[in-house]
Structures are given as structure tokens and as C-alpha cells.
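This report refers to the structure that appears directly beneath it.
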Amino acid sequence: MSQLNVPDEDHIVRYVGWNQVAKDADDTVLGISAEAFRRRYNEDGLSVNWLERADADAANKLRRTVELLTAGIAIGKKSRVAIANVAAFKAICVSRHARVRIVHIPIDGNEPHSEVRQLSRDDDEILELLASESVTAHHLCLDVLS
Amino acid sequence: MTSIFGNAAIRQSLGITGLGQSLSFDAAGTKALFQSTEEKNFTASSAALASAPAIKSTEERLFDAKASAKIYTAQVEVAMRINENWRKQLFRQIDSVLDADEWMLGDEPLTTESYQTFLRLMFIIQPRIKPGLGMTSDGNLMAIWQADDMRLTIYCFGDDDLRYVLSYMEEGKRRTAAADASIFNVRKLLAVFQPDKWFGNEPA
């Protein structure tokens, strides 16, 4: 069965733990670090959620997405979600000669779950570019849920 | 057996509370831990903690990592010219990156080897602006500096090995660079990028 590509005009949302948030020595948040986009050794793809696919009206899609991303886990008070446009994300990868696919991979309890495939976990520069250029917004999970 | 953290003053000064009361070591081991302030290889986590039960909870592993980092800092603070304000800041940052409430399932706690490399890096480059800290999922510390739209991240591995990743804007385009380094040559490798804009030091 062919996998559905997440459309270029849509957005992906990535859960970012506190240790992958870029901050200064006083823990003032500066942005999202490249490490937030590095998949683990045992992961085939980078786990994200397809924002527009969330089963909620437009105003509540991010809230619903965070609910799905954090279901069953203890949410850190300082954990965040980072939002990126699919086209911009892929364009950055292409600029570094990486042809990634962002595909819809539903999982139990999280239908909009998707994955970024063929993104190297070892290309530090592409991960830095994604962190600094593709993220259009990032929010505290608890703020989104409140 | 006596507890290495049994002395309330030591516990207080290291900022170690809670689980530490359950950790104990023999007297010889305790003396050995504190006898040198210039040892390169700090082995508290691997040697003294090795006698602890094999299976530990995440909280216990995070506590061990915090304790190892703080004890190592206390050991070398004179030799590495760590003043009280910086030590307090470091301990707060260690508590922050090893906060059980923020921990992601499957991540590895900070390794002692990574922390040693980080502290030795700080001693060598002596940045006026101290970095923010983050961690990789496999337990390595990241030192992060950001000045305007320029960011420098230095990954600290064991054996004084590093990897730096940086990005900056040039003529409207974001440029990046990354390379392996060691604490001994990182300043030289970064020189072309004028790292003092991140470190806040006077240009050499």
C-alpha cells in the first residue's frame, strides 16, 4: 500500500524535550536545537504529527495535536512543540542534497502521526538548518493545552 | 560503611538531596573520591556506584549522574578556577538537564566522560559568556551559545573529543559548518568564525 505524502502546504509538529531546547546559561529559551531533529539509532524515521490532519476545527488543531503527541506520557513543564512547513522543511533538505519524504504513518491512538524518512541522523549541518530555518513557531506544550 | 553524602554540609554544598541518603560507600572509597583535585579521570560513577543494585530506576540513574557531575566539579573546582557563582550556576544547570520531570523515555543520563570533557573545555576556552546546556539522547552534553542569529553548539564526548556545529547569516543566506575537534584544537579550528562573539571574550 502506498503511503500518503504530507502535502507541501501543510505543517508538521515535532515534540521537543527540554534537553533539545536551545537556551542560554540562565535557561532562557533561545529556540530549538538541531538535536530535536535527530532520530534515534533505532528509529527508521523522525516522528512528527501532521497538523492539518488533527480531528479538530482549525483553531484547535494544534491543541489536539499536542494532546495526541503527549498521550500516555508525563509532559514536562518545559517541553515544547515545534512547527514547520512541509515545503520549507523539504527545501532545506534538498539544498543539502537530501531527498526526504514526509509520509503519513498512522499509529494506534494517533491517526495523524507521520514520519520524515531518509533524513540522515549524522548530517549535523542539515539538522542545524532545520532547527534554525524551518521552525516557524514553537510553544510550551502546557501553554497549548491550557 | 559510611555514606559519602552523610555529611549534611557536603550534601548541602553539592546541592544533593533526596535519593543520596540511600547511597553508601566504604570509608576508603570515600577518602579516595576526595583526595585529589587534579585527577583527570574521575571514577566515582563507575567504581563507587558499581556496588549499587544492577537495576536502577530512571530517577536513581539521574541522581547518580547528577552526583557524579557535582562531585567531579567539587574535585576540580580549585584547579579549574571555578568560582562560587559559576559553580552554583553549573549545579543548577546540571539539575536542569537531569530533571526527572522533564526526562524523555529512552534517553540516557549524562555520562561522566562527557561532563569531564565539557568542564575541561570550559577551562581551556574560559568563555566569559557561559553556555546553555542540552543533552543528546545518548547522554552527551551540548554547550550552546547564541548571539543574534549566530549559533554555536559544541557536543562533548569522552576523552576530550568534541564536535562543533555552527550557523550564521551571510548576505541573507544561512551558512553552516561542522567538524570534529578536541578540547586542545577547537579554538584554532573555530578561529576563522571569530568565536569570541559567542564567548564574550576580548579578541586575541
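The values are calculated or read from the model by the stated rules, or taken from the named source; none is laboratory data. Keep in mind that what you see is a predicted model, and the values were worked out from it rather than measured. Positions of Cβ are backbone-derived with ideal geometry, glycine not excepted, and every protein chain shown enters the neighbour counts.
Annotation note: of A:S120, A:S47, the sole residue that is in a strand (DSSP E or B) and on the phi < 0 side of the Ramachandran plot is A:S47.
Looking across the range B:94-109, the residues that are under 15 Å from A:D24 (Cα atoms) and at the interface with chain A (Cβ under 7 Å from one of its Cβ atoms) come down to B:S96, B:V97. In the range A:51-72, of all residues being under 17 Å from the mean Cα position of the chain (by Cα) and part of a loop (DSSP other than H, G, I, E, B), the one that is modelled with the lowest pLDDT corresponds to A:A71. Does the range A:40-49 include one or more residues that are surrounded by 13 or more Cβ atoms within 10 Å (Cβ to Cβ) and at the interface with another protein chain (Cβ under 8 Å from one of its Cβ atoms)? Yes, because at least one residue in the range A:40-49 is surrounded by 13 or more Cβ atoms within 10 Å (Cβ to Cβ) and at the interface with another protein chain (Cβ under 8 Å from one of its Cβ atoms). Across the range A:55-98, the qualifying residues are those that are among the charged types (D, E, K, R) and within 14 Å of chain B (Cβ to nearest Cβ), and the one among them that is surrounded by the fewest Cβ atoms within 10 Å (Cβ to Cβ) is A:K77.
Restricting attention to the range A:5-31, the residues that are in a loop (DSSP other than H, G, I, E, B), in contact with a strand residue (DSSP E or B) (Cβ under 6 Å, 6 or more places away or on another chain) and of a type outside the set (D, E) total 2.
Here's a check for you: in the range A:1-39, which residue that is among the basic types (K, R) and within 14 Å of the chain's Cα centre (by Cα) is surrounded by the fewest Cβ atoms within 10 Å (Cβ to Cβ)? Taking the candidates together, the pick is A:R39.
Note on the range A:119-132: among residues that are under 25 Å from A:L4 (Cα atoms) and without any contact (Cβ under 8 Å) to a residue 60 or more places away in the chain, the one that is nearest to the other protein chains (Cβ to nearest Cβ) is A:I126.
If you go through the range A:4-26 and pick out every residue that is without any contact (Cβ under 8 Å) to a residue 24 or more places away in the chain, at the interface with another protein chain (Cβ under 7 Å from one of its Cβ atoms) and either touching a Pro at 6+ places or on another chain (Cβ under 9 Å) or not polar (S, T, N, Q) (or both), you end up with 3.
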